[in-house]
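The values are calculated or read from the model by the stated rules, or taken from the named source; none is laboratory data. Since the structure is predicted, the reported quantities are computational estimates derived from the model, not experimental observations. Counting neighbours? That spans all protein chains shown, and the Cβs are built from the backbone with ideal geometry, glycine included.
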Amino acid sequence: MVISPSVNFLPWRRIQFHRCLQRWGLRVCMSWLICGGMAFYAAGYWQAERQVSEIHRLAERQIHQQLVRRDQQLKANAQQRARAQKRRAMKEATQAWSPRLFALSKQLPQQAWLNALSYRRGTLSLTGVLTQFSALSVLEQELQRVSGFMPGKAGEIHRGSDGFWQFQYQLSEAVHNAAP
């Protein structure tokens with residue numbers, strides 16, 4: 001029997017051990033790289049989501065501010081239109097008095113003229129001067145016939161320091177003519 005020379009497997013085992021160590025090291029490194037890549041991707045994704053949500057929040061805030069400004073503008077415009085409409089109505093009401101006052105001035109006798117005229121709460125107050133006391137009866141008759149007013153009452157009548165007769169008269173507006 002022949003004994004065969006002995007074979008030394010030690011170098012082969014060492015090579016196998018290093019190859020196995022390299023494979024496992026490579027696998028561990030690849031695992032760490034994959035985990036790092038996934039973490040990097042997730043962080044980027046979450047940051048992008050945060051930026052998008054911030055942009056949406058800012059856009060919604062801006063839209064809300066624009067809506068509030070637009071609402072304020074609409075309210076201001078509505079108030080301005082209401083004021084303009086009120087001014088027009090007041091102007092029309094004032095202009096409606098023009099023919100009535102013109103008719104009143106035509107009806108006054110020549111010896112009388114008006115110093116003040118005021119209208120409050122359905123009462124027309126007249127203050128004027130007469131050159132002759134006899135013109136008072138004509139004035140009262142004419143004031144009784146003023147259209148749109150009920151016969152009124154005479155106020156204070158006295159002689160002023162200048163020698164003229166000063167009078168006050170009040171006419172109540174008829175209900176059906178309340179709005180000229």
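Things worth noting here:
Condition check ((1) in a helix (DSSP H, G or I); (2) in contact with a Lys or Arg (Cβ under 6 Å, 6 or more places away or on another chain); (3) surrounded by 14 or more Cβ atoms within 10 Å (Cβ to Cβ)) across all residues:
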site	(1), (2), (3)
Lys86	yes, no, no
Trp97	yes, no, yes
Lys106	yes, no, no
Trp113	no, no, no
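- Options Glu92, Glu142; residue that is surrounded by 10 or more Cβ atoms within 10 Å (Cβ to Cβ), out of contact with any Cys (no Cβ under 6 Å at 6 or more places or on another chain) and closer than 17 Å to Glu173 by Cα: Glu142
- Scanning the range 101-115 for residues that are touching a strand residue (DSSP E or B) at 6+ places or on another chain (Cβ under 9 Å) and touching a residue at least 12 places away in the same chain (Cβ under 8 Å) yields Leu101, Leu104, Leu108, Pro109, Gln111, Ala112, Trp113, Leu114, Asn115.
- Verdict on Ser118 being assigned to a strand (DSSP E or B) and loosely packed, with under 13 Cβ neighbours inside 10 Å: yes
- Hey, Ala78 aliphatic (A, V, I, L, M), under 23 Å from Ala174 (Cβ atoms) and not assigned by TED's automatic domain parsing to the domain that holds Glu156 or not: no
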